[in-house]
Structure formats: C-alpha cells, structure tokens
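A.B. asks: A single structure is presented below for examination.
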There are 2 protein chains.
Amino acid sequence: MSDSGLSLWMTGTGPDQDVVLASRVRLARNIQGYSFPNSLPAEQGEKLTAAVEDAIGHIEPSWNLSLSRLTDVSALDRQVLVEKHLASPLLVADPIRFEGVVTDDRESISIMVLEEDHLRMQVLLPGLQLDEAWGVVNRLDDSLENRLTWAFDKKLGYLTTYPTNLGTAMRASVMMHLPALVLTRQAGPVFGALAQMGVVVRGLYGEGSEGEGHIFQISNQVSLGRSEEELVHGLSMVAQQVAGRERQARELLGRNSESAIRDRVGRAFGILAYARILTSEEAIRLLSDVKLGQDLTYLPPFSSATFSEMVSMTRPGILQQMAGQDLDAAQRDMLRAEVIQRHLTRT
Amino acid sequence: MSDSGLSLWMTGTGPDQDVVLASRVRLARNIQGYSFPNSLPAEQGEKLTAAVEDAIGHIEPSWNLSLSRLTDVSALDRQVLVEKHLASPLLVADPIRFEGVVTDDRESISIMVLEEDHLRMQVLLPGLQLDEAWGVVNRLDDSLENRLTWAFDKKLGYLTTYPTNLGTAMRASVMMHLPALVLTRQAGPVFGALAQMGVVVRGLYGEGSEGEGHIFQISNQVSLGRSEEELVHGLSMVAQQVAGRERQARELLGRNSESAIRDRVGRAFGILAYARILTSEEAIRLLSDVKLGQDLTYLPPFSSATFSEMVSMTRPGILQQMAGQDLDAAQRDMLRAEVIQRHLTRT
C-alpha cells in the first residue's frame, strides 16, 4: 500500500491527461507444472503462492514489491484494492489463503495471484503512458521469469485459462474522460467504430458500469498474432485519435452551447461546493462536469488534486479508509461532501 | 415610480420580517353619481378620472402622489406595476385612456383608478405593519374625501361593484414566507383552520399561483359587520399566530432533519451562486431555500438585499426594467442569474 492512501495513477500527472486519465498494461502468466486456477487443488495452490512469494523475494529490492495474502486483508481493504484497480472483484470475493496480491509502494504495479490465471501482473500509470507501462511490466515479467517458468507454446504463445487471452496474453487499456463526446452524442458512433477495429469500450469499473462520470476504459481485444509492441502502439494511436475527437467535441460545445455548458459546469461546482450530502454517483457526475468546465477554461482549476484523485476519494471503500472506520451509507454521503469541499478551490 | 426602481415594501425592513414579508391594507371606494366601472360610459369615465386627478392635485404635497394614465405607461412598465403589487393584472390589461394608477415616490401607496371599483387605494409596508398601513390608508381616504363624495349606505356601508366587498370595503393582507410549514406538511392543516375563520390563503400573485417560493398571501374575507380596526387587528393576530407556527416548524426541521436541510439550503446557495441560467420559478424556489437556511442560521445572511428585494429582482418585468430594454426569455434567464450573483454574499 502507498503512504498517501492513494495510488500513483490517481495523484500523478502524465501526457494528454485532459482526456487520458490513466494507462494500463496487463500480462496474464501461468506457471508450468500447475493446473489452471479453476481446477487447482488446494495443496498445489499453497505451493504456487509460496513459489511466487519466493520469486518476489528474489527480485531487485528497488521494485519495492510485497505480497499480501487476501485472507490477511480486511473486507474494507479488499474493496479499496478494487476501487484502486489493483485487484478485480473476482479475486477479492470469498478470499482463500493462497490467493494474494502483490503491490509496490507507489501502487503502480499489481500482481493478482490466482485470479483467472496464476498471475496477472499490471502496471498502471497516469496519463497516456502505454509504452512506459509496457516497458515496466515487461521488465517485471523478465525478472519473475528468473525464478518461475511460464507455461508457453511455440504456436499459441503464453497459455491462459481462457483462450481469448492466448498469444501475448497482454491487455492494454486506457481510462478516458469523454464528457464532450457523450454530450454531443458522438460517443455511440465513435465507440461503434472502435468496436470494428477490435477495440473494446467499457465503463470505469468494467462491464455494466455505463461510463459513470463520462469515464470509459478502452482496451485492445486481440492478443494473438501480433507483438506486444504492436498492440501497445496500436492502442496508443487509438487513444490519441479518441482524445483528438474529444477535444474537437469540447471546442464544438464551447462554440455552440457556451451558455448552457457554463450553466451546467457552474451548477456542478456550486453543488459540490455547498451540498452536505453526496452519493458517489452524483459526486462523480458533478466532478466530471466540473472537470469539463476546467478543460474549457470556464472554471479555474477546481482543485490542487487531480480529477482521478477527486473521483477516487468519492469511492465508498477509499472514503472509509480515509475516515479510518466503517461508515454506513448516510455517513459516507456526508463525509464525501466534506472531503470534496476540503479539496475544492473556491473562487 | 421610486428612484431605486424598487418599492419600499421590498427594500425596507419591518417587524417579524423573518416570516411576514409585507402588510397591505386596501380600501375600495366608489364616487357618488357615477355608475360602477362595469357599466360606466366613456365620457363619464373621463370625467371621473379628471375628478380623481383634481383630488390628488389638492392633497397635501408631502404625500408625493402622482397619477399615470395607463395608456401613457408602456407594456413593460404596466407589467412592473403588477409585479410590484401596485396594480392588478385586470387593471393593466388592454388599457383605456381614463384608467390610471396613482403612486407615491416610495411606491408604498397605490390607487387603482377604474379597476373593479372606481378607486382601490392600498398601502403596502414591509414586515408586519397592518395597523400602520391601516393608519396611512385611512388618512389617505379622509384626504380624498375632501374633494370626492363616496357612495355610501347607512346599512350596507361603502357601496362596491361586488357585494363581497360591501361594508368596510376593506381588505387587509399579509405576505408570508412559510417554507417550514410546507416542508413539514403542516401548511394544509393550518390553511384549513384559517379558512374556518374566514381567512383566505393564496399564492404570491393571487389565485392559481400556488405558493411559489413558499410565499403566501393571507387576507381577511368578511368586510361587513365589523369595524376596520377590528378586521385589521384580527388579521394581525392571525399573522402572528401563523408566524409562531412557522417558527416552531423551522425549529422542528432543524432538530429532526438538520443534515437534509443543511444539504438542501447549501445546494440552493451553490446553484444560485454559480448557475448561469435561471428561470424565475427556479430562482424564487432557490431563494426561498436560501432564506430558510439563513433563518435557521445554517447560512450567513445571503445578501445585503432583503428576501423580497431578491425575489422582486427575479421577476421578468422588473428584470427588464433594470436592464433598460426588452429581453427574450433566454436573455432574461441569463440576466437573472447575473443579477442574483451580483447580490449574493459569498462565503
């Protein structure tokens, strides 16, 4: 866990951050000689996790990695791992002893142990930094390979539990803030065109999370038949194109609907600044509007915290972790309003 | 017209103003020897208005009264007269030459000439000042009687076009801000009890204007068989009782729903402070919430202007008069937000 309680991808800065909030590259790896997780006997699970622990222990100390077994992590902290995108809901639900998560001190790296695959290692960086994230995760992969032998097939590439991940077993994704594409009704057509190119668009927290706060995850689909570099580079190009479309849409909004947008973003700021009760849904929606206002220079920078940081602070788990105690929904809604107000720049 | 563009009852202060915004006493008078307005021939109308003009001219100059013929008043200024409660919609619609309105320089007095009755004179003061308003309108009545002879019957009292006004031909009313009675769902029962006592409750702009901004007009119904002093005193007692109920309801809200009310009034302030487009309906609703917040000391005084002044400034006609030009609805909504923001005290 990081010291600040938040991860580098939330608090840090990076290129194209007006549209691209964060970049992530994830590799799926399975260890030779073990069954896939869905059919792995308990004693093998224990042995595998011990082997991973050993490999982590032998990695260069500057990586600052440490493994937590999920049974040692409280329910609240497990929820926080999901909200920080360091673990999946699947991994943290009903934890068993040999499941775990490896993170570094900046929470830029995470390795899920015994989720769908034996290992899923990811690097998550602020802004558009797919190449950088790939570079880091690739070095991590090499370092672990010193002590672990990956299940690999010359023809199929890295072997994975689900065939969709075969080949590079890599998934690259970017988290994008696309309010203007949504407001100008271009999101549908743009996402449709992306789907044609094998690029998948999902909400902030995966399938079913409908672009809360106009935040979308855009990721590559195909992992077979192309190199990692090609895939990462391809998605980076896509992200830049989508970012360009979003910026055009913002200009269009500013030109055609200035009063309405100034009103919308002003109201959002006013409510965030003076409400006493905020649900996470309303908070993320208003934060999205306020960020749009800032990007259009209709509002001054609304906080010294980044948008990702503000959004993260509104999540139920992270909020309770900040409070240092469990809170019911009504208490969370009040604390959320307070925390946001503490971080807003009044004008 | 007043110099500030607003009337004394809006900008001034008075007793119990946390609940009672303004007090009004109105007398209906008809002049002997003329038919009632609904059957008055044009040449008689001309003569009558000339007689009123003459009487006004002979009244003590310190009253500062002057008569405007409605055909000399622009459509916008006629709308403003209605919004200031100085004339009725009935009087200003389709003006004819001999209809007019007399006002003083503070717009505390108005006399409608040839509305339902020959003359309807009223005095409107800020806060709960029914006795004071009655005193002034009574002296005005006496002064006019020096040159005009009222139609009067020993048994029926002052004769009026409609029999409901017979007797004293007086109507006293108070404009009250009752948000807590509405929010605690006590307004219905309280108004029901008032109806039993012959007291009428209407919205800010008469029948059908449903308590916009939680503002209600409460007036006496019976004008026959009791003296003016009794009627005025009776309504003053009623107003004090209703004000007491409203204050209790505010305390109750503060005790039982503090978070929800703080949230509600905070949001109202935030939107008023940062919106760029405000309809008059939304503005009056939000101003009402903000005043409630101020009365509960949840918000500091939100403006150096009074609540009545803020509400008045949001009215379409007054707003256009302030702008010095005709504005369409979209322009008004933008100017309204601007004017309100100029008058808000930021915290």
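The values are calculated or read from the model by the stated rules, or taken from the named source; none is laboratory data. Quick caveat: nothing in here was measured; it's all calculated off a predicted structure. Neighbour counts run over all protein chains shown; Cβ positions are idealised from the backbone, glycine included. Side chains included, ligands, DNA and RNA excluded: accessible areas come from the protein's heavy atoms. Shrake-Rupley method; radii C 1.70, N 1.55, O 1.52, S 1.80 Å.
A.B. asks: Using the structure shown, decide if residue A:327 is open to solvent by less than 40 Å² (accessible area, probe 1.4 Å), of a type outside the set (Phe, Trp, Tyr) and within 12 Å of chain B (Cβ to nearest Cβ). Even if it seems obvious, please write down each step before you answer.
C.D. replies: Details: open to solvent by less than 40 Å² (accessible area, probe 1.4 Å): yes; of a type outside the set (Phe, Trp, Tyr): yes; within 12 Å of chain B (Cβ to nearest Cβ): no.
When the stated conditions are applied, residue A:327 does not pass them.
A.B. asks: Determine whether residue A:78 is assigned to a helix (DSSP H, G or I), touching a helix residue (DSSP H, G or I) at 6+ places or on another chain (Cβ under 8 Å) and in the same structural domain as residue A:232 (by TED's automatic domain parsing).
C.D. replies: Values: assigned to a helix (DSSP H, G or I): yes; touching a helix residue (DSSP H, G or I) at 6+ places or on another chain (Cβ under 8 Å): yes; in the same structural domain as residue A:232 (by TED's automatic domain parsing): yes.
So residue A:78 passes the test.
A.B. asks: Additional query: Report whether or not residue B:247 is basic (Lys, Arg), closer than 20 Å to residue B:339 by Cβ and not in a strand (DSSP E or B).
C.D. replies: No; evaluated as a whole, the condition is false for this residue.
A.B. asks: Among (1) among the charged types (D, E, K, R); (2) buried (at least 16 other Cβ atoms within 10 Å of the Cβ); (3) not in a strand (DSSP E or B), where does residue B:46 come up short?
C.D. replies: All conditions pass for residue B:46, except number (2).
A.B. asks: Considering A:231, A:272, A:224, which residue is modelled with pLDDT of 95 or more and either assigned to a helix (DSSP H, G or I) or in contact with a strand residue (DSSP E or B) (Cβ under 8 Å, 6 or more places away or on another chain) (or both)?
C.D. replies: Details: A:231 fails: modelled with pLDDT of 95 or more; A:224 fails: modelled with pLDDT of 95 or more.
When all the criteria are applied, what remains is A:272.
A.B. asks: For residue A:190, indicate whether it is open to solvent by less than 40 Å² (accessible area, probe 1.4 Å), away from every other protein chain (no Cβ under 14 Å) and outside any helix (DSSP H, G or I).
C.D. replies: No.
A.B. asks: Can you find, within the range A:330-347, the residue that is nearest to residue A:79 (Cα to Cα) among those that are of a type outside the set (A, V, I, L, M, F, W, C), open to solvent by 60 Å² or more (accessible area, probe 1.4 Å) and outside any loop (DSSP other than H, G, I, E, B)?
C.D. replies: Ranking the candidates gives A:331 first.
A.B. asks: Based on this model, can you work out whether residue A:71 counts as β-branched (Val, Ile, Thr) and surrounded by fewer than 16 Cβ atoms within 10 Å (Cβ to Cβ)?
C.D. replies: Working: β-branched (Val, Ile, Thr): yes; surrounded by fewer than 16 Cβ atoms within 10 Å (Cβ to Cβ): yes.
For residue A:71, the condition - β-branched (Val, Ile, Thr) and surrounded by fewer than 16 Cβ atoms within 10 Å (Cβ to Cβ) - is met.
A.B. asks: Follow-up. Conditions: (1) of a type in the set (S, T, N, Q); (2) within 22 Å of the chain's Cα centre (by Cα); (3) surrounded by fewer than 22 Cβ atoms within 10 Å (Cβ to Cβ); (4) away from chain B (no Cβ under 14 Å). Residue A:314 meets all but one. Number of the miss?
C.D. replies: (3)
A.B. asks: For residue B:322, indicate whether it is open to solvent by 60 Å² or more (accessible area, probe 1.4 Å) and in contact with a Ser or Thr (Cβ under 7 Å, 6 or more places away or on another chain). Write out each step before concluding.
C.D. replies: Values: open to solvent by 60 Å² or more (accessible area, probe 1.4 Å): yes; in contact with a Ser or Thr (Cβ under 7 Å, 6 or more places away or on another chain): no.
For residue B:322, the condition - open to solvent by 60 Å² or more (accessible area, probe 1.4 Å) and in contact with a Ser or Thr (Cβ under 7 Å, 6 or more places away or on another chain) - is not met.
A.B. asks: Can I ask one more? Report every pair of residues separated by at least 6 positions or lying on different chains whose Cβ atoms are under 7 Å apart, first residue within the range B:252-279 and within 9 Å of another protein chain (Cβ to nearest Cβ), second assigned to a loop (DSSP other than H, G, I, E, B) and surrounded by 22 or more Cβ atoms within 10 Å (Cβ to Cβ).
C.D. replies: B:263/A:275; B:266/A:275; B:267/A:275; B:269/B:302; B:270/A:275
A.B. asks: Now for a separate question. Report, by residue number, each residue of the range B:280-299 that is open to solvent by 30 Å² or more (accessible area, probe 1.4 Å) and either away from chain A (no Cβ under 11 Å) or touching a Lys or Arg at 6+ places or on another chain (Cβ under 8 Å) (or both).
C.D. replies: Those that are open to solvent by 30 Å² or more (accessible area, probe 1.4 Å) and either away from chain A (no Cβ under 11 Å) or touching a Lys or Arg at 6+ places or on another chain (Cβ under 8 Å) (or both): B:281, B:285, B:294, B:295, B:297, B:298.
A.B. asks: A follow-up question, please. It is to be established whether one or more residues within the range B:300-307 are within 14 Å of chain A (Cβ to nearest Cβ) and either crowded, with 18+ Cβ neighbours inside 10 Å or not in a loop (DSSP other than H, G, I, E, B) (or both). Outline the logic, then answer.
C.D. replies: Initial filter on the range B:300-307 (within 14 Å of chain A (Cβ to nearest Cβ)): B:300, B:302.
Applying the additional criterion that residues be either crowded, with 18+ Cβ neighbours inside 10 Å or not in a loop (DSSP other than H, G, I, E, B) (or both) yields B:302.
So far as the range B:300-307 goes, yes, one or more of its residues are within 14 Å of chain A (Cβ to nearest Cβ) and either crowded, with 18+ Cβ neighbours inside 10 Å or not in a loop (DSSP other than H, G, I, E, B) (or both).
A.B. asks: So residue A:285 fits all but one of (1) within 24 Å of residue A:12 (Cα to Cα); (2) over 27 Å from the mean Cα position of the chain (by Cα); what number is the exception?
C.D. replies: Looking at each condition in turn, residue A:285 falls short on (2).
A.B. asks: Report yes if some residue within the range B:17-25 is open to solvent by 20 Å² or more (accessible area, probe 1.4 Å) and not in a strand (DSSP E or B); otherwise report no. Break it down into steps so the answer makes sense when it comes.
C.D. replies: Taking the range B:17-25 as the starting set, the residues that turn out to be open to solvent by 20 Å² or more (accessible area, probe 1.4 Å) are B:17-18, B:24.
So of that shortlist, the ones also not in a strand (DSSP E or B) come out as B:17-18.
Yes, the range B:17-25 contains at least one residue that is open to solvent by 20 Å² or more (accessible area, probe 1.4 Å) and not in a strand (DSSP E or B).
A.B. asks: For residue A:339, only one of the following conditions fails: (1) closer than 19 Å to residue B:267 by Cα; (2) in contact with a Leu (Cβ under 8 Å, 6 or more places away or on another chain); (3) within 14 Å of another protein chain (Cβ to nearest Cβ). What is its number?
C.D. replies: (3)
A.B. asks: Right, something else. Would you say residue B:166 is within 23 Å of the chain's Cα centre (by Cα) and within 18 Å of residue B:81 (Cβ to Cβ)?
C.D. replies: On the way: within 23 Å of the chain's Cα centre (by Cα): yes; within 18 Å of residue B:81 (Cβ to Cβ): no.
When the stated conditions are applied, residue B:166 does not pass them.
A.B. asks: Within the range A:233-245, can one find any residue that is within 14 Å of chain B (Cβ to nearest Cβ), open to solvent by less than 50 Å² (accessible area, probe 1.4 Å), closer than 24 Å to residue A:126 by Cβ and not acidic (Asp, Glu)? Full working, then the answer.
C.D. replies: The first filter runs over the range A:233-245 and keeps only residues within 14 Å of chain B (Cβ to nearest Cβ), leaving none.
For the range A:233-245, residues within 14 Å of chain B (Cβ to nearest Cβ), open to solvent by less than 50 Å² (accessible area, probe 1.4 Å), closer than 24 Å to residue A:126 by Cβ and not acidic (Asp, Glu): absent.
A.B. asks: Now, a different point. Residues being among the aliphatic types (A, V, I, L, M) and under 13 Å from residue B:143 (Cα atoms): count how many of those fall in the range B:55-80. I'd like the intermediate steps shown before the answer.
C.D. replies: Step one: filter the range B:55-80 for residues among the aliphatic types (A, V, I, L, M), giving B:55-56, B:59, B:65, B:67, B:70, B:73, B:75-76, B:80.
From the residues that got through so far, the ones that are under 13 Å from residue B:143 (Cα atoms) too are B:55-56, B:59, B:65.
Residues that pass the stated criteria total 4.
A.B. asks: Right, another one. Before we move on, is residue B:99 in the same structural domain as residue B:59 (by TED's automatic domain parsing), closer than 26 Å to residue B:54 by Cβ and free of Cβ contacts under 8 Å to residues at least 12 places away in the same chain?
C.D. replies: Numbers: in the same structural domain as residue B:59 (by TED's automatic domain parsing): yes; closer than 26 Å to residue B:54 by Cβ: yes; free of Cβ contacts under 8 Å to residues at least 12 places away in the same chain: no.
Here the answer is no, as residue B:99 does not meet what is asked.
A.B. asks: Determine if the range B:304-320 includes at least one residue that is without any contact (Cβ under 8 Å) to a residue 24 or more places away in the chain and over 23 Å from residue A:260 (Cβ atoms).
C.D. replies: no
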